[in-house]
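**Student:** Sharing a structure, written as structure tokens. Questions coming.
The values are calculated or read from the model by the stated rules, or taken from the named source; none is laboratory data. Since the structure is predicted, the reported quantities are computational estimates derived from the model, not experimental observations. Note: ideal-geometry Cβ built from the backbone for every residue, glycine included; neighbour counts use all protein chains shown.
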Amino acid sequence: MTTETHMAIVTREDAIADAVKAVAGKEDGLGPAGVYRDLMTLLTELERGAIPVVVVDVGADPMKMLDALEPVVNQYVQSRFVVLAEDASADVMMRAMQIGVRHVQRKSTVQGELPSVLQRLAQGVELRGVKLGRMYTILSAAGGCGATTIAVNLAHELQLLRSESALLVDLDYAYGAVGAYLGLHGRYGVADVFRYSGTIDSHLVRTTATRVSDNLYALLSPASINLAEAGPVPPAPLEHVIPAFRRGFGHTVVDAPRAPIDIAETLALASELTYIVLQPTVKDVRHAKAMLTALTSRGVTPRRLRPLLNRHRKRRQMITVADAQKALGDFPLECLSNDYTSVVRSINYGQPLADAAPRSHLRRELTKLAAEAAGMSNGRSRN
């Protein structure tokens, strides 16, 4: 989102999006309208800066949608919300007013009545941009594919590249691979943030995280804190925790190798890029394809998804890069070398590759990956 976007539309119906955009385009001062498929995607944009007017299509179940919208309206008080409903019944209008919605509009009268409503609401609203860090998620197509190696080194390279603080979040509840990789021990971690009963903010995250270096912090898995009591954390809603990560750190890298699809969806919707790590095997390629299909069907923008072929060898490999790319379709496949010696040295020393094997080929590839990710976070996409 840029400060030129004065309006957002949340709808799954193309016809509704086109109708509202046409109305907005005729009104001076509204500027271009961004279209989002769900509230989670909208939240990602709202966190980057204020949007004066937000139009939300409440769909076939308006009361349920209004319940989901309530915390968004309460949090982003600088935005003015308009609801579109098939039937603006007294119950719908009452509930909308209770949560702070400024106007309820029947879909059938969008062309005739909405222009004056939008113009009135947009007047006098000041855009207040808030600088937030970027988030990157690492998912795995199978166990043992090297996702944690990539997560650790991507976070380290990002903080070196941009001289900004980086947070490494370990959501591997089974093994706590980030802590094992870096030899970290701490009393607090992910579970303490997610179970906190008060306000979850960047100060809480920073004081809970374990410091790795001057600019790198790690939020450890429960398995790294106490393996005897490790297990899935009953989390606060991720959409409440993610803003705290992004407000406190220039970059957040989430290592989520075994994340259920619902968690993966939430992370991917909030991330600038989501990497799905796979090895050159039939099983991994098939599962990576299934994950990509599932995430895009849930509203994740395809350009934010990156399959990442790890441990690639140029010779004597049953599944070639061309084979994998053909199976994955339009998603651009990136490759990382099979540099076993450097990775083992890095893990044994409990150091990122930049310290343990700074001149290794894999380290150079990861530096390039970080630079490309940082470039996209500044709006310079390679596509």
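**Student:** Being surrounded by fewer than 20 Cβ atoms within 10 Å (Cβ to Cβ), in contact (Cβ under 8 Å) with a residue 12 or more places away in the chain and either closer than 25 Å to N348 by Cβ or under 18 Å from the mean Cα position of the chain (by Cα) (or both) is true for just one of A174, A166. Which residue is that?
**Tutor:** Values: A166 fails: surrounded by fewer than 20 Cβ atoms within 10 Å (Cβ to Cβ).
Testing whether each residue is surrounded by fewer than 20 Cβ atoms within 10 Å (Cβ to Cβ), in contact (Cβ under 8 Å) with a residue 12 or more places away in the chain and either closer than 25 Å to N348 by Cβ or under 18 Å from the mean Cα position of the chain (by Cα) (or both) leaves just A174.
**Student:** Any residue at all in the range 213-227 that is closer than 25 Å to D38 by Cα and among the acidic types (D, E)?
**Tutor:** The answer is no, given that none of the residues of the range 213-227 is closer than 25 Å to D38 by Cα and among the acidic types (D, E).
**Student:** Right, here's the next one. For the condition assigned by TED's automatic domain parsing to the domain that holds A270 and within 18 Å of A370 (Cα to Cα), what is the one hit in L336, L328?
**Tutor:** Residue meeting the stated conditions: L336.
**Student:** Among the residues of the range 232-249, are any closer than 26 Å to L353 by Cβ and modelled with pLDDT of 90 or more? Show your work before the answer.
**Tutor:** Initially, the range 232-249 is screened for residues closer than 26 Å to L353 by Cβ, giving 245-246, 248-249.
From what's left, modelled with pLDDT of 90 or more: 245, 249.
Within the range 232-249, one or more residues are closer than 26 Å to L353 by Cβ and modelled with pLDDT of 90 or more.
**Student:** Taking strands (runs of 3 or more DSSP E) that do not extend beyond the range 23-91, which have at least 1 residues that are at negative phi, within 22 Å of the chain's Cα centre (by Cα) and modelled with pLDDT of 85 or more?
**Tutor:** 33-36, 53-57
**Student:** Inside the range 328-342, can you point out the residues that are surrounded by 15 or more Cβ atoms within 10 Å (Cβ to Cβ) and closer than 16 Å to C145 by Cβ?
**Tutor:** Once the filter is applied, which keeps residues that are surrounded by 15 or more Cβ atoms within 10 Å (Cβ to Cβ) and closer than 16 Å to C145 by Cβ, the range 328-342 yields L328, L333, E334, C335, L336, S337, N338, D339.
**Student:** If I ask for residues that are among the small types (G, A, S) and in contact with a strand residue (DSSP E or B) (Cβ under 9 Å, 6 or more places away or on another chain), which ones from the range 183-202 would you list?
**Tutor:** G186, G189
**Student:** Residue under question is A96, and the condition is that it be at pLDDT 80 or above, surrounded by 14 or more Cβ atoms within 10 Å (Cβ to Cβ) and more than 33 Å from the chain's Cα centre (by Cα); does it hold? Steps first, answer last, please.
**Tutor:** Values: at pLDDT 80 or above: yes; surrounded by 14 or more Cβ atoms within 10 Å (Cβ to Cβ): yes; more than 33 Å from the chain's Cα centre (by Cα): no.
No; evaluated as a whole, the condition is false for this residue.
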